[in-house]
Amino acid sequence: MSEADESDDQRRARGLPPEPLRPGEPEPDRPEPPKPVNAAFWLVVAAAAVLVVAFVLQLLNKDALTDTLIQRNTDENISNDQIASGVESMLWSLIVGAVAVGALMVLFAWKARQGTRSARTVVTVLVVLVALFSLLGGGYLVIGAVLLALVGAALMYLPSVDPYFPRVLKRP
């Protein structure tokens, strides 16, 4: 079999990228992902959505958070207006960060669903980072999002789905 007759999976198993599509060519048929990989994708999508919703709800509840921080403030150099402004800025930053991280998790979960081994690794790293940052606090919804994402990442490492993610051979 010549190199021109190889399938994308055979090229990927040799450590090569798939052949690029020429304009007007139909998309090649890809093997259906295993059920655990599909479930992992949807769990990561749900985790990203729950993560964003958690921080949006915190923004909607910013008055209670602001009041709590004002009551706990012992520094006379920090005014109540500064605390209120800082809380709002922090919450908007958390929402933007949650959207960005969630989008990256979904993107790489999608690529992992297509059988890309390195995307599976990137999803795992993102999930671990989100889990570590959730240790700083965030509430029950953030913990729920982390649990969903951790289960999704774990499903991509089941022995039954390992053949779906071919190892990349090192070039000599």
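Quick rundown of the values:
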{"quantity": "Count - residues of region 30-68 that are more than 26 Å from the chain's Cα centre (by Cα) and more than 24 Å from residue 146 (Cβ to Cβ)", "calculated": "3"}
{"quantity": "Failed item in (1) within 20 Å of residue 37 (Cβ to Cβ); (2) of a type in the set (Val, Ile, Thr); (3) surrounded by fewer than 18 Cβ atoms within 10 Å (Cβ to Cβ), with residue 127 passing the rest", "calculated": "(3)"}
{"quantity": "Those residues of region 21-50 which are of a type outside the set (Asp, Glu) and assigned to a loop (DSSP other than H, G, I, E, B), in sequence order", "calculated": "21, 22, 23, 24, 26, 28, 30, 31, 33, 34"}
{"quantity": "Verdict on residue 106 being within 30 Å of residue 36 (Cβ to Cβ) and surrounded by 12 or more Cβ atoms within 10 Å (Cβ to Cβ)", "calculated": "yes"}
{"quantity": "Exclusive hit being assigned to a helix (DSSP H, G or I) and within 22 Å of residue 41 (Cβ to Cβ), set 70, 143", "calculated": "143"}
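We did not get these values from a lab; they are worked out from the coordinates using the rules stated. Everything quoted here is computed from the prediction, not taken from an experiment. Cβ coordinates were reconstructed from backbone atoms using ideal geometry, including for glycine residues, and neighbour counts include every protein chain displayed.
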